[in-house]
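These notes concern the structure reproduced below.
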Amino acid sequence: MDKNKKRILTGIQSTGTPHLGNILGAIIPAINMSQKKNYESYLFIADLHSITQIKNPDILKKNTYSTAAAWLAFGLDYTSSVFYRQSDVPQVTELAWYLSCYFPYSRLALAHSFKDKQDRLKDVNSGLFNYPMLMAADILLYDANLVPVGKDQLQHLEMTRNVANRFHNVNGETFIIPEAELNSENMSIPGIDGQKMSKSKNNLIDIFLDEKKLKKQIQAIKTDSTSIEQPKDWKNCNLFNLYKLIASNDQIKNLKANYERGGFGYGHAKQEFFELILEKFSKERSEFDHYLNNLDVLDDILKKGANKASETAEMVLARVRKKLGYN
Ligand code: ADP
Ligand code: TRP
């Protein structure tokens, strides 16, 4: 690794097509970071994490492709970063096993994300429970310095640092201790119901949908019952908040004025939001379609990324195996 560069690493689960929250909260910030001179980036699709929830191989595959296509559509430069599918570098599961033998069961049981999933999901498997150890392995296997994530992932990052330190206490310095890079700007993008947008909550906006389906999704954004004629409270309007995330200052000013004037209904505002998405993401929408129509191109890009990632993985694992007496 170039000593003057910091290595950033982040992953996104392939549990569906990335939605507006994933794009603004994770994909765009990570791509921006990867373009900085002093950074080297590892970006991957966490398809091994996805199997905790998705058991249908065709759906899993399809989601992995659409996740990859979304990253590329938003301008990820796969030649200067290492862009790969987690399952293409299976060494990560070996490291996850070692790490899980260095981390107390009782600490895993305290993970917010596990507790939340335990309450919501039907299939509460032990992969879900051990999820943070696979995530720690994702990070430690590649000597990452910085991990850009949303707030919800901070506890997983703490566990990663903690398990690395526990390992060090027994075996001596082995891993780079990573730091979380919290993206504060768009910390929690609301979904169409006003709660945090999430694939598992059925409240998302998928900007890659065809126009008809996208329109339907936008029409489903929850608004209050103020009539068309009355002025509207933009400060407490979820639709306005969503619009604001992607609109220019002039467009925001304009919509604000329309809300305050009255005679402008939520239907009109939804139409404006719909048109704004089409206009703002027109290039990304067509690139996304292009990749999904050329899966061989996607496979080739991901394979090349996996080859690069494997080199680092083998080097770090050799270090770990030696410490553990497996070499
Ligand atoms: P989901 O909750 O939809 O399943 P993931 O857990 O796969 O999303 O999250 C992938 C990345 O996107 C993470 O870095 C996460 O913090 C970020 N993210 C997810 N939902 C949002 C949101 N509503 N607002 C901002 N960032 C989000
Ligand atoms: N758990 C992360 C999420 O749901 C995805 C992820 C898996 C990840 N491995 C990672 C993020 C490693 C950062 C680093 O968002």
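So here's what we get for this one:
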| item | result |
| --- | --- |
| Contour excess over end-to-end distance, with Cα ends at Tyr326 and Asn38 and 0.36 nm allotted per residue | 100.1 nm |
| Whole-percent carbon and sulfur share, accessible surface of the chain, 1.4 Å | 48 |
| Sparse-neighbour loop sites [trypsin sites (Lys or Arg not before Pro); the range 118-176; at most 16 other C-beta within 10 Å; DSSP] | Lys122 |
| Ellipticity estimate at 222 nm from DSSP helix runs (n ≥ 4, -39,500 (n - 2.57)) divided over the chain, nearest 500 | -16500 deg cm²/dmol |
| Residue among Lys201, Lys235, Lys283 with the largest mean-square fluctuation in a Gaussian network model of the chain, springs linking Cα atoms under 10 Å | Lys235 |
| Pairwise centroid distance, computed over Cα atoms, of the range 45-94 with the range 215-253, Å | 34 |
| Solvent exposure of the chain as accessible area per residue, Å², 1.4 Å probe | 49 |
| On Cα atoms only, tilt of 295-324 relative to the major axis of the chain in degrees | 40 |
| In degrees, nearest ten, helix 282-292 long axis to first principal axis of the chain (Cα) | 50 |
| Mean-position separation - Cα centroids, the range 3-18 and the range 137-191, in angstrom | 12 |
| Ile59-Gln271 pseudo-label distance in nm [points 7 Å out on the Cα-to-Cβ vector] | 3.6 |
| Degrees between helix 154-171 axis and first principal axis of the chain (Cα, 0 to 90, nearest 10) | 10 |
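The values are calculated or read from the model by the stated rules, or taken from the named source; none is laboratory data. Quick caveat, the model's predicted, so the values are computed rather than measured. Note that we place each Cβ from the backbone using ideal geometry, even for glycine, and neighbour counts take in every protein chain shown. When the accessible area is computed, the model is the full protein with side chains, heavy atoms only, and any ligands, DNA or RNA have been set aside. Shrake-Rupley method; radii C 1.70, N 1.55, O 1.52, S 1.80 Å.
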